[in-house]
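Colleague: I have a structure here, written as structure tokens, and I will follow up with some questions on it.
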Amino acid sequence: MLGCVKLSGILMTNTAAATELDAFYPIRPECQADIPKTRFKIKPGKTLSARRWDAAFSKDGHLDIAKVLRRIHRGGIHPSIKGAVWEFLLGCYDPNSTFEERNGIRRQRREQYGIWKDECQKMVPIIGTGRFITTAIVTEDGRPVEEERSRNLQEIDTVGTSSRSSLDANNSALDKKVTEWKLTLHQIGLDVVRTDRALVYYENEANQAKLWDILAVYAWIDGEVGYIFSRVRQCLKYKSNLQGMNDICSPIIILLENEADAFWCFDHAMRRLRENFRCSTGTIGVQSQLSTLSQVIKIVDPKLHQHLEELDGGEYLFAFRMLMVLFRREFSFVDSLYLWEMMWAMEYNPNMFLSYESGSASKGGAGTSGNDKHLKQFGKFERKNVKMGSNDQQLPLPVFLVASVLETKNKRILKEAKGLDDVVNILGDVTGNLDAKKACNEALKLHKKYLSKIKN
Amino acid sequence: MDVSATKRRLLKVIFLGDSGVGKTSLMNRYVYKKFNLQYKATIGADFMTKELRIDDQLVTLQVWDTAGQERFQSLGAAFYRGADCCVFVYDVNVTKSFESLSSWHEEFLKQAEPADPKAFPFLLLGNKIDVDDGHSRAVSEKRARQWCDSRGSMPYFETSAKQDYNVNEAFICIAKAALTNEEEQEPYFESISESVSEVETRGGGGCAC
């Protein structure tokens, strides 16, 4: 009964909701035809609203995360509060903290970002000016490119000297780091100008520059954030400007107006994605997720896996983009936000904040498994991992999401695909045709199936 | 048996070059006859197809678009295999994109392992010649042609995807080069065609030369 009442409410508000969405993320009129259509709708009674969100906090600011997760599972997050909710979903803040504690953290983080940005600005003065670059400012060996020579030379020297005094032994290593970073800046610029151009938001150069600034600062400090200082980790070589990061960062700066807040939210999103962007000779981190995908399909759908292997697709490279930019290219802008928050809600682990702050890789959860109330603070996906006692970081939800997409195309791939090109083609058809919620639920089912099959 | 399939040949072409030189734009210009400023950076690899007729031979051109960032190169192998032609693209206004060509060339040979590297067809496109009416040009046509000559007289085209300059001409040349290569590979295909019926039908079109 209740369902019927709700349903009629939804039908009536459909058009209004669509216009409401357009107002939040306006599309350039000339681009309407080129972008996938949006399926997400704000559903009263299902979508987490501003009112419900506010009501989920206790007087001093403790958040009833279980209630929030339930709501997000049902209908996503209302655009007006997405940014604030994402900060929690991504583990920027502990739901078990007070308003006051969080304000303190926020203040600290804003200051820290300011310091890093200043550092970058001293090396490359265009940072923070509302403009950005798309052509190289230094040559491979670190010398400034002609045009910039007069403007930048002084700054470069200053920074070089001040760093030298404190880090004499690492002198050349630092110089190398500075050069490497500078070499990434125009690449970031080239990506920025090609990011979500269909959105009115990016018609404004200042907004593009904001995206560039954040990515530039991130590229500078990446490898240091929350962990051991970079020199120890240099061997790992996180490529801090690998294409695709712009796709991850773009929605975040639209949702969080304060640049420093957006930076930290992006940083937290990257903590779960950075492995994908990790580079060593000849391989990219995402390939480990691809091989997990291969394992999963081999178990849940051996026939499909065998067929793909016969087509020289055993490496599952056709799924590269889906994993790398979390389906941003397969969904409309709004739908990818919906998918992400749905995924993050499912993967949610209440210990995330503490594990990030302490720098430990393990989020834990075991030992609490007997406690039902506590379990509800975990997302549906993570809950299963905790219950099974598996804390397997190698089985991320996005892999099962790709698996579920492959499963929806299973028949066509088996019947029609005679080459890798056909597989790419068939998967290309999913663009704009996927339902985020359905895809997530299918992914959960596959996860369950996979876990039970490997158990036996 | 599908009659149309028996006459059509599938030609696989790979586009390589630095990030932002206009690979996606050139393909879109040729395949969909359009240009817009909303292209996103290519992640991974994707392809577009176009049917065309070359000297009475109906062919399907399958053009593979790749990501330009050097870090992605290693992912290409599976997609590069079986290519009939490889097209390099650089931006005439960006010296670095020209200087990278040699490493793109090496990378392709390493990954695609063509049977006869010396005979394998390559092309070079110098794109974005419209920018600033040519005033911001950083690589001269002469320099580009010299590079091509040093690589076994590789055909060279100066293009503008934005203004639709020379794009069609370049693609016709690409298709012809790919077709020639595919025909030269024919003996190899015939040797395995007994067990693979689709391959057998491919050879039915006869030689167009």
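The values are calculated or read from the model by the stated rules, or taken from the named source; none is laboratory data. All figures in this text were calculated on a predicted structure; none of them were measured in a lab. So basically every Cβ, Gly included, is an ideal-geometry build from the backbone, and we count neighbours across all protein chains shown. Heads up: the accessible areas ignore ligands, DNA and RNA and are worked out on the full protein's heavy atoms, side chains in. Shrake-Rupley method; radii C 1.70, N 1.55, O 1.52, S 1.80 Å.
Colleague: Mind listing just one residue for me: the one in the range A:193-214 that is in a helix (DSSP H, G or I) and closer than 19 Å to A:L337 by Cβ and, of those, nearest to the other protein chains (Cβ to nearest Cβ)?
Modeller: A:Y202
Colleague: State whether one or more residues within the range A:107-117 are among the hydroxyl-bearing types (S, T, Y), surrounded by fewer than 21 Cβ atoms within 10 Å (Cβ to Cβ) and out of contact with any Cys (no Cβ under 6 Å at 6 or more places or on another chain).
Modeller: No, that holds for no residue.
Colleague: A follow-up question, please. Just the residues that are touching a Lys or Arg at 6+ places or on another chain (Cβ under 8 Å) and within 14 Å of chain B (Cβ to nearest Cβ), please, taken from the range A:30-49.
Modeller: A:C31
Colleague: Can you tell me which residue in the range A:261-291 is nearest to the other protein chains (Cβ to nearest Cβ), limited to those that are open to solvent by 10 Å² or more (accessible area, probe 1.4 Å) and in contact with a helix residue (DSSP H, G or I) (Cβ under 6 Å, 6 or more places away or on another chain)?
Modeller: Going through the qualifying residues, I end up with A:G282.
Colleague: Would you call A:P95 under 25 Å from the mean Cα position of the chain (by Cα) and not aliphatic (A, V, I, L, M)?
Modeller: yes
Colleague: Considering only residues that are free of Cβ contacts under 8 Å to residues at least 24 places away in the same chain and away from chain B (no Cβ under 14 Å), look in the range A:292-308 and name the one that is surrounded by the most Cβ atoms within 10 Å (Cβ to Cβ).
Modeller: A:H305
Colleague: Separate question: So A:I426 passes all but one of these: (1) more than 18 Å from B:D46 (Cα to Cα); (2) open to solvent by less than 40 Å² (accessible area, probe 1.4 Å). Which condition number does it fail?
Modeller: (1)
Colleague: I'd like to verify a number: residues in the range B:125-163 that are buried (at least 20 other Cβ atoms within 10 Å of the Cβ) and charged (D, E, K, R), how many?
Modeller: Selection size over the range B:125-163: 1.
Colleague: Considering each of A:K43, A:K37 in turn, give the residue that is under 18 Å from A:G432 (Cβ atoms), in a loop (DSSP other than H, G, I, E, B) and in contact (Cβ under 8 Å) with a residue 24 or more places away in the chain.
Modeller: Checking each option against the conditions leaves just A:K37.
Rundown of residues vs (1) open to solvent by 10 Å² or more (accessible area, probe 1.4 Å); (2) touching a Ser or Thr at 6+ places or on another chain (Cβ under 8 Å); (3) at pLDDT 90 or above, yes/no style:
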{"site": "B:S19", "(1), (2), (3)": "yes, no, yes"}
{"site": "B:L26", "(1), (2), (3)": "no, yes, yes"}
{"site": "B:K33", "(1), (2), (3)": "yes, no, yes"}
{"site": "B:K40", "(1), (2), (3)": "yes, yes, no"}
{"site": "B:I43", "(1), (2), (3)": "no, no, no"}
{"site": "B:M48", "(1), (2), (3)": "yes, no, yes"}
{"site": "B:V63", "(1), (2), (3)": "no, yes, yes"}
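Colleague: While we're on this one: At least 3 residues that are modelled with pLDDT of 95 or more in each: list the helices (runs of 4 or more DSSP H) lying fully within the range A:308-358 that qualify.
Modeller: Helices (runs of 4 or more DSSP H) meeting the threshold: A:333-346.
Colleague: Still on this structure, please answer the following. In the range A:311-330, which residues are more than 16 Å from B:D46 (Cβ to Cβ) and more than 10 Å from chain B (Cβ to nearest Cβ)?
Modeller: Answer for the range A:311-330, where residues must be more than 16 Å from B:D46 (Cβ to Cβ) and more than 10 Å from chain B (Cβ to nearest Cβ): just A:L326.
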